[in-house]
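Right, one structure below, let's go through it.
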Amino acid sequence: GLEDAAPRIVEHPSDLIVSKGEPATLNCKAEGRPTPMVEWYKDGERVETDREDPRSHRMLLPSGSLFFLRIVHGRRSKPDEGVYVCVARNYLGEAVSRNASLEVAILRDDFRQTPSDVVVAAGEPAVMECIPPRGHPEPTISWKRNNVKVNDKDERITIRGGKLMISNTRKSDAGMYVCVGTNMVGEKDSDPAELVVFERPMFVRRPVNQVVLADDTVDFQCEVQGDPTPTIRWRKEEGELPRGRFEIRADNSLRLTQVKAEDEGSYTCLSENSVGKAEASGTLQVHVPPQIVVRPRDQISAQGRTVTFLCGTKGNPPPAVFWQKEGSQVLLFPSQPPSQSGRFSVSLSGELTITDVHSEDSGYYICQAISVAGSILTKALLEVETPSDRIPPIIRQGPANQTLAPGTTAQLQCHVMGNPLPSIQWERDGQRILGNDERISLMENGTLQITALQETDSGAYTCVASSLSGETSWSGVLTVKESGGLSVPPVSEPYQLPGPPQKPVVTDVTRNSVTLTWQPNAHEGGAAVTSYIIEAFSQSAGSTWQTVADFVKLEKHTVTGLSPNTIYLFIVRAVNAYGLSDPSPISEPVRTQDVSPTGQGVDHRQVQRELGEMAVQLHEPALLTASSVKISWNVDRQSQYIQGYRLLYRPVGGSWSQQEVKAATERSAVIANLLKGTEYEIKIRPYFNEFQGMDSRLLTFRTPEEVPSAPPRAVTVATVKLSNSSSISVSWQPPPTEMQNGVIQEYKVWCLGNDSQTRYHINQTVDGSVLTTLLKGLLPGVLYQVEVAAVTSAGVGTHSQLNCLILSNNESDENVSLAEQITDVVKQPAFIAGIGGACWVILMGFSVWIYCRRKKRKELSHYTASFAYTPAGIDIFGYVWICRPGMMGANMGNYPWLADSWPTTNLVHNGKDSVNCCTSKHDTPERYYNGKTRFYRATPPAVLSDEEEWCPPLPDRTYLMDGVMEDGPAPPPRGVASSPTTSYSHQSTATLTPSPRDDGHCLDIPRLHQLEQPQIARRLPCGPVPVPRAPSPPLTQSNPNLAANQECPDNTVPHRSAHKRDLSQGAAQSVENINNTTPGVFPFLYKRATEVLLLK
C-alpha cells in the first residue's frame, strides 16, 4: 500500500475581481493521504459555507474550491470581499495555499469631469476633456460622436488620458460628443457636449478688374461662404462710394450706375463673421469718350496773316488730337517736324496754327479727338479774304448842316478813306453837280467849295465816295438866306468832335445777332459823348455801309436783325453835341451762325448725359393776375447743351399745354390766359434740339376765383302740377367752362312776382351740382320774372335773361282724359238733379212756345230785332264781356263746354295758359283775370254773321278757393246778382273778382231782374229759354264753384223771395249748364225748342 502523506496544495486560488451579484469560484486543490479536509479562511477567519449553513450562498465544492452563488456586496456590509486562503488538513499535518484576494468590481455614475461644448474654426485643433466615474477596476475611456464610436485610427484624432484631441478640424467633425467610461461593470455615458466648427469667410466669387465706358453700369461680384453667414461690406479705396449711384444687391454684388471718370479706383469686398474676416478687391477703369470743351471758331483772315484754331478736348484716357483739312488726306498731328507739316502746326494742347495764310487755305478744318473710348470731331471755317472782298469806302467826316448868308463861301467837307482810294462825287438834291459853274470847285481833299452863295444854292448836298469795292454817301443841308441880324452858328471845328472809339470786339455771335464791345476815346471833344452809332457792312447785304444802331448809350451793344451765315464788318462812331467822330477801326470780320453753335461736333450721348444730369429747381409760382402767373427757376448745374426750356402746365386732370423759353440764360417766364379759379400743375424741362432733359418737380398753384363772367345757359321754365299748389320747374346748364372763373358753389334762382299793389318774391339757392329746382306757391294771375345766376367764392356772377310767365287759375289737369271728365260729371249729384230739371224745362219750354205763338208773336219780333244789334252779351252776374273769334277755341280744345262750364274744383285746365308776358302789351283791352283772358261775344244765334262765331255766355268763376273769403266781399246769396261795386273795392289773395270796369269796353246793361217778369219772357226768345227756376239748389246758385264742390251751408240759403227777382237768370244758367255739359239729346231738344220759339 501507499504511504500516508501530509497534505499538499496542488492548485492555489487566484485573485478575483467579481462584479456584485455575479457567481465566483476560488479554486483550491490539495493532495494527501488520507485525503485532506479543506477549509477556507477570509482575512484570518474561517469561512462559513453551506456545510455549516445550508442557506449560505457559499458552497464548498468537493474539489475544495469555494463557489459563490453570488457576490454579496453593499455599502456597509461587504461579507465576500477580502483575502482568502484554503487550508488542507489530515492527521499528518496541514497545507496552506497562497493568499488570493476577492475584490468586488464597481463603476460609479458620476463623471468626475464631463466634456464641455467647444467652438473652433475649421483648421484649428479641438480638445474635449473627460474624467470617468470612479470605479474598480479603473474605467477606460472612449468617445462617441452622434452615437457612433469615434475612430481613433484617424491620424487627426488622439484619445489620451481621457482627452479627445482633433487636429485640423473639419466642418464634418462638428456634432454631439459623448465620453464613455468602461470597466467590467459596464459603460457609463457622459452628458453630450457639442463641437461647433465654424468656417471663416471664404470667397466663392471674387470681384474682378473691369474697364467700362462712362455712363455704363458695372457690377462687382462678391460671393462668400462661411459659418456663421458672413456679413459683406464694400468700400472704395480712394474715397467714398459714388453717392446716389451705387447699390448693394441681394446677392451682395456692388452695382454702380452712370459711372463717371471720378469713379475709377479699387473697390473692395469685406467679408466678416465671428471667426474671421476676408477681403477681395477689383479695380474699375472708366473710359470717357472724348469731348470737345473748347470749340474752334470760324475765322476770316487776310492773306499772309497767321491764324490759330483752338480745340480743347477731354476724355479718359486723354484722347489724341489731330487736324485735317476737309477734302485732304493729310493728317496733322502734334509735334510733327516742320518738314512734314510746313506752314501748319499742331500744339500738344491741340491748337492748329496756320502761318502765312494763302487763299487756297480757305475751307473747313476738322479737329478730331480719338481714344479707346470713342471719337468726336468738330470743324471750323477759314475764309481768306481776296481783293474782291475789300470793303467799301468809309467817309470819315461828311458835309455838315449849315446856314450861310448870300455872297459868302461854303465849304462842304468829305474826308474819305479806303483801299483803293475812292473817288468823290457830289450831288445836290439827288442831281449830280457838273463842273459847268465856275463858282463851284472840288478841292483835292474832297471838299466842295461854293463861292458867292446865292439863295438858289440851298439844298441837300450829298458826298458819294465810290471805288471798286462799293460806294458810301453822306448828306448835309446847306441853307442860304439873309441872317436878318441873327448870328449863324459856325461849323464845328475838328477839335470839338469826339475822338474815334477803339476797334470794336465781337464777344458773342448767334444766327441773327452780334454783340460788340469797344473802348471810348479819351478825347471827348468840345462836349461829352452822348451816344454811339454803329455801322455795318456785308457784301451780301449791299456794297455800302449801313447804320444798324444809333443812340447807343453804353460801350456794349447787341446788333440784331442780321442775316444768318453772313459775314459782317462793324465800325463805331461817337456822338456829342458838335457832331460825329471819325469811325473806329473796322472790327474783325464775323460770320453769323448758320446752325446751332453746338450743332457741330455734338456727341449725342454726351448731350443726353448732360441734360439728364441737369437739375432745374422750380420756384413757387407768383400770381400776377387772376389769369396770369410768373414762373421762375434756377439751374443747379449749367450745361452747354441747353437751347431753352419748355414750361408744361395744365389744369389738374387736364391735358398739358406748353410754352417755350428759347433762351438758355432765362430764369423766369410769364404764363398768361389761364383759367380763373383753377388749380394748375406745372413743371419745367430743359431741351437741346430734339433731346429733352429731366422734368423738374411738379408744383401746383390755383388762380384766384372771380365771379362767373357768363350767365347759366339754356334757362327754361315749365309749369308743374303739384297737388293744389301752383309750381314751376326751372332748369339750366352751367356757364361755359372758360367763363366760370372758379368752382361753381351754388346757383341763385330769383322768381320775382309783381301785380298792381303787391310783390310776390320766391327765391331759392341750390347747390352747384344741381341744375334744376322747383318753385312752389306761385299765385295765378301774377306776372313772374325768373332769372338764374352762378355763384363762386368771389360772388354772384352774371344773371341770365329774364323769363316771364303768368299762371292760369284754371287748374284742370291736362292729363285727365275726356272720358274721365265725363264720368266725373255724371257722378255729380247736380248732374242727376239737372236731368230731372232739364226734363221739366223742356216741358215748360214747350208750354211757353205754345203761349208765345198764340199771343206775343208781334211783340216778340220787335224785341228780337232790337236785341239783335246789341254788341255785348250778358253773363250770369250782369257783367258785359267782349269775345274775340277763336279765343275760346284756342283754350278749350274740342270740348269748350266741358272744360269751362260745368262747375269743378280744378283751376288749371290747360298748360297753354302760362303766357309769355314779356312780349305782351298789358295796357291793351285784354285783361288777365285769374290767369286767363276772358272775352265773350254774346251775339244771339239769330243774328250771327258769317265772319263771326258765337261764344256762349259761360258762368264766371269769381273765387279762387271755394268758400274762402278773406277781406273780400261775401259771395252773393243764391239767386241774387253780386254788386259790381264790391267786386273790385278790395284786393285780396283769396278773392280775385274780375273788375267790371274795362276801360270803356264793357257795356253796362241794366240787369234783367230789374225788368218785369213778362218782359223777360218776351225779350229773350233767342237766348236761354226763360222758364221757372228748377227746384234743385245746386243748379240755382249764382256761384258755380260752390254749387259743384259742397253742400250749401245753412247760413247761405237765400230767402225764397229772391227767386222771383232772379228767376230768368237762374233758368238761363240752368239751361246753359245743361246745354254746355251734356252732349247728345239735351242740346238737340234745346235747339229745337229755340228754333220753334224763333218762328214767327
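Tabulated results
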| read-out | value |
| --- | --- |
| Among (1) open to solvent by less than 60 Å² (accessible area, probe 1.4 Å); (2) touching a Leu at 6+ places or on another chain (Cβ under 6 Å), the one test that residue 295 misses | (2) |
| Output for segment 404-419, where each listed residue is in a loop (DSSP other than H, G, I, E, B), open to solvent by 50 Å² or more (accessible area, probe 1.4 Å) and in contact with a strand residue (DSSP E or B) (Cβ under 7 Å, 6 or more places away or on another chain) | 409, 413 |
| Filtered residues of segment 762-802 (kept if small (Gly, Ala, Ser), assigned to a strand (DSSP E or B) and over 12 Å from residue 750 (Cβ atoms)) | 777, 790, 795 |
| Selection count where residues are touching a residue at least 60 places away in the same chain (Cβ under 8 Å), in a strand (DSSP E or B) and either closer than 20 Å to residue 322 by Cα or in contact with a Phe, Trp or Tyr (Cβ under 6 Å, 6 or more places away or on another chain) (or both), scope segment 285-310 | 9 |
| Complete set of residues in segment 316-345 that are modelled with pLDDT under 90, under 30 Å from residue 260 (Cα atoms) and in a strand (DSSP E or B) | 316, 334 |
| Residues satisfying the stated conditions in segment 539-573, i.e. among the hydroxyl-bearing types (Ser, Thr, Tyr), assigned to a loop (DSSP other than H, G, I, E, B) and farther than 18 Å from residue 465 by Cβ | 560, 563, 566 |
| Pair list, Cβ under 6 Å, 6 or more apart: segment 311-333 residue open to solvent by 80 Å² or more (accessible area, probe 1.4 Å), other residue assigned to a loop (DSSP other than H, G, I, E, B) | none |
| Residue match in segment 120-143 (condition: within 30 Å of residue 82 (Cα to Cα), free of Cβ contacts under 8 Å to residues at least 40 places away in the same chain and surrounded by 14 or more Cβ atoms within 10 Å (Cβ to Cβ)) | yes |
| Meets criteria (open to solvent by 50 Å² or more (accessible area, probe 1.4 Å) and modelled with pLDDT of 90 or more) for residue 746 | yes |
| Number of positions in segment 237-268 that are under 18 Å from residue 287 (Cα atoms) and either open to solvent by less than 20 Å² (accessible area, probe 1.4 Å) or touching an Asp or Glu at 6+ places or on another chain (Cβ under 7 Å) (or both) | 9 |
| Out of 127, 180, 208, sole residue that is among the β-branched types (Val, Ile, Thr), farther than 18 Å from residue 111 by Cα and at pLDDT 90 or above | 208 |
| Qualifying residue in segment 528-536 (condition: assigned to a loop (DSSP other than H, G, I, E, B), of a type outside the set (Val, Ile, Thr) and touching a strand residue (DSSP E or B) at 6+ places or on another chain (Cβ under 7 Å)) | yes |
| Qualifying residue in segment 36-48 (condition: among the basic types (Lys, Arg), surrounded by fewer than 18 Cβ atoms within 10 Å (Cβ to Cβ), touching a residue at least 24 places away in the same chain (Cβ under 8 Å) and closer than 20 Å to residue 95 by Cα) | no |
| Residues of segment 431-462 satisfying the condition of being open to solvent by less than 80 Å² (accessible area, probe 1.4 Å), acidic (Asp, Glu) and in a loop (DSSP other than H, G, I, E, B) | 437 |
| Count - residues of segment 269-292 that are open to solvent by 10 Å² or more (accessible area, probe 1.4 Å) and of a type in the set (Val, Ile, Thr) | 3 |
| Residue 288 vs. criteria touching a helix residue (DSSP H, G or I) at 6+ places or on another chain (Cβ under 6 Å), modelled with pLDDT under 90 and farther than 26 Å from residue 506 by Cβ | yes |
| Looking only at segment 157-180, and only at residues there that are farther than 21 Å from residue 140 by Cα and part of a loop (DSSP other than H, G, I, E, B), the one that is most open to solvent (accessible area, probe 1.4 Å) | 170 |
| Filter pass, residue 296 being closer than 23 Å to residue 641 by Cα and in contact with a Ser or Thr (Cβ under 6 Å, 6 or more places away or on another chain) | no |
| Per-region count, segment 686-700, residues part of a strand (DSSP E or B) and crowded, with 18+ Cβ neighbours inside 10 Å | 3 |
| Test: residue 61 is closer than 22 Å to residue 95 by Cα, open to solvent by less than 60 Å² (accessible area, probe 1.4 Å) and over 60 Å from the mean Cα position of the chain (by Cα) | yes |
| Filter result for residue 707 (among the aliphatic types (A, V, I, L, M), outside any loop (DSSP other than H, G, I, E, B) and out of contact with any Pro (no Cβ under 7 Å at 6 or more places or on another chain)) | no |
| All strands (runs of 3 or more DSSP E) inside segment 228-279 with 2 or more residues being more than 45 Å from the chain's Cα centre (by Cα) | 265-273 |
| Cβ pairs under 8 Å, 6+ apart, first in segment 516-530 and at positive phi and surrounded by 17 or more Cβ atoms within 10 Å (Cβ to Cβ), second in a strand (DSSP E or B) and not β-branched (Val, Ile, Thr) | 525/576 |
| Filter pass, residue 510 being at pLDDT 90 or above, open to solvent by 40 Å² or more (accessible area, probe 1.4 Å) and over 17 Å from residue 584 (Cβ atoms) | no |
| Flag for residue 714 being in a strand (DSSP E or B), more than 23 Å from the chain's Cα centre (by Cα) and not polar (S, T, N, Q) | yes |
| Test: residue in segment 722-743 that is over 41 Å from the mean Cα position of the chain (by Cα), without any contact (Cβ under 8 Å) to a residue 12 or more places away in the chain and at positive phi | yes |
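Every residue, every condition in (1) surrounded by 14 or more Cβ atoms within 10 Å (Cβ to Cβ); (2) modelled with pLDDT under 80; (3) on the phi < 0 side of the Ramachandran plot; (4) in contact with a strand residue (DSSP E or B) (Cβ under 6 Å, 6 or more places away or on another chain), yes or no:
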residue: 782; (1), (2), (3), (4): yes, no, yes, yes
residue: 788; (1), (2), (3), (4): yes, no, yes, yes
residue: 815; (1), (2), (3), (4): no, yes, yes, no
residue: 821; (1), (2), (3), (4): yes, yes, yes, no
residue: 840; (1), (2), (3), (4): yes, no, yes, no
residue: 844; (1), (2), (3), (4): yes, no, yes, no
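Yes/no matrix, rows are residues, columns are (1) over 16 Å from residue 696 (Cβ atoms); (2) in a strand (DSSP E or B); (3) among the acidic types (Asp, Glu); (4) at pLDDT below 75:
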position	(1), (2), (3), (4)
602	yes, no, no, yes
608	yes, no, no, yes
611	no, no, no, no
634	no, yes, no, no
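The values are calculated or read from the model by the stated rules, or taken from the named source; none is laboratory data. Small disclaimer: the values here were computed from a predicted structure and weren't measured. In this analysis, Cβ positions are derived from the backbone assuming ideal geometry, glycine residues included, and neighbour counts consider all displayed protein chains. Each accessible area value is taken on the protein alone, full model and side chains, heavy atoms only, with ligands, DNA and RNA left out. Shrake-Rupley method; radii C 1.70, N 1.55, O 1.52, S 1.80 Å.
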